[in-house]
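Below: one structure, written as structure tokens.
The values are calculated or read from the model by the stated rules, or taken from the named source; none is laboratory data. Predicted model, so just to flag it, every value in this text is computed and none were measured. Neighbour counts are summed over all protein chains in view; Cβ atoms, including those assigned to glycine, are modelled from backbone coordinates with ideal geometry.
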Amino acid sequence: MGLSASKRVMTSLVKSSEFDTACDSAFTHCLSLTQHAFDGVLPYQLFTASDHIHHSLLSLPDHRRHSLILKWVPDPPSRAQVDSAFKKVTHDRPKDESSDVIGSTRFKEWAVVLYVDAVVGNAGKAVLSQVPIGIAGIAGIGALTRSRRELIGTAAGAYAVGVATWIYLSLSG
């Protein structure tokens, strides 16, 4: 199917002017909270920044809302997701005193990683919740109609592939 799900989501977010504006707004908001005492955002501010980005994206007029965030991230990412994204962005950087301050470029990188993980994670949960229900329905109908096992298995497989494909294609924004 081409690109992986996370790359599709990442491409969509990176190309989104709304997401870029929300990140800039959150970065500026965090700087103002520290009264511009630092050149960037401090790690403890990332959870607030995540909430700010989410609120900014959902506060846009309907025609400008980012469809991936609207559909797959109805609530702001959790603190665990925020921390995980921060670790992914900083794991290969040398540890020094300046690494505690997150500049605008790394902040945007963190936000993209955070929301890619949130979208892909929630889409994966949707697959895991929808496929078993549909397969149970197919098996139930097959049992009622006394259909052959091969037919039921084929229908269940086709349904699972269809749901997974539908969710994958919806990740392009």
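Suppose we filter G173, G124, G103 for residues that are at pLDDT below 75 and either closer than 30 Å to P43 by Cα or surrounded by fewer than 12 Cβ atoms within 10 Å (Cβ to Cβ) (or both); which single one remains? Explain how you work it out, then say what you get.
Numbers: G124 fails: at pLDDT below 75; G103 fails: at pLDDT below 75.
Being at pLDDT below 75 and either closer than 30 Å to P43 by Cα or surrounded by fewer than 12 Cβ atoms within 10 Å (Cβ to Cβ) (or both) holds for just one of G173, G124, G103, which is G173.
Got a sec? Which helices (runs of 4 or more DSSP H) wholly within the stretch 65-161 have at least 3 residues that are among the polar types (S, T, N, Q) and over 21 Å from R8 (Cα atoms)? First the steps, then the outcome.
Working: elements: 67-72, 79-90, 104-145.
Where helices (runs of 4 or more DSSP H) fall fully within the stretch 65-161 and carry at least 3 residues being among the polar types (S, T, N, Q) and over 21 Å from R8 (Cα atoms), they are 104-145.
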key: Residue selected from the stretch 6-37 under the condition under 22 Å from V101 (Cβ atoms) and touching a His at 6+ places or on another chain (Cβ under 6 Å), by the criterion surrounded by the fewest Cβ atoms within 10 Å (Cβ to Cβ)   = H29
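Look through I69, I53 and report the one residue that is within 11 Å of the chain's Cα centre (by Cα), among the β-branched types (V, I, T) and surrounded by 15 or more Cβ atoms within 10 Å (Cβ to Cβ). Lay out the reasoning, then the answer.
Details: I53 fails: within 11 Å of the chain's Cα centre (by Cα).
I69 is the lone residue from the list that is within 11 Å of the chain's Cα centre (by Cα), among the β-branched types (V, I, T) and surrounded by 15 or more Cβ atoms within 10 Å (Cβ to Cβ).
Residue by residue, here is whether (1) of a type in the set (A, V, I, L, M, F, W, C); (2) in contact (Cβ under 8 Å) with a residue 24 or more places away in the chain holds:
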| residue | (1), (2) |
| --- | --- |
| G40 | no, yes |
| S56 | no, yes |
| V89 | yes, yes |
| Y115 | no, yes |
| A139 | yes, no |
| S147 | no, no |
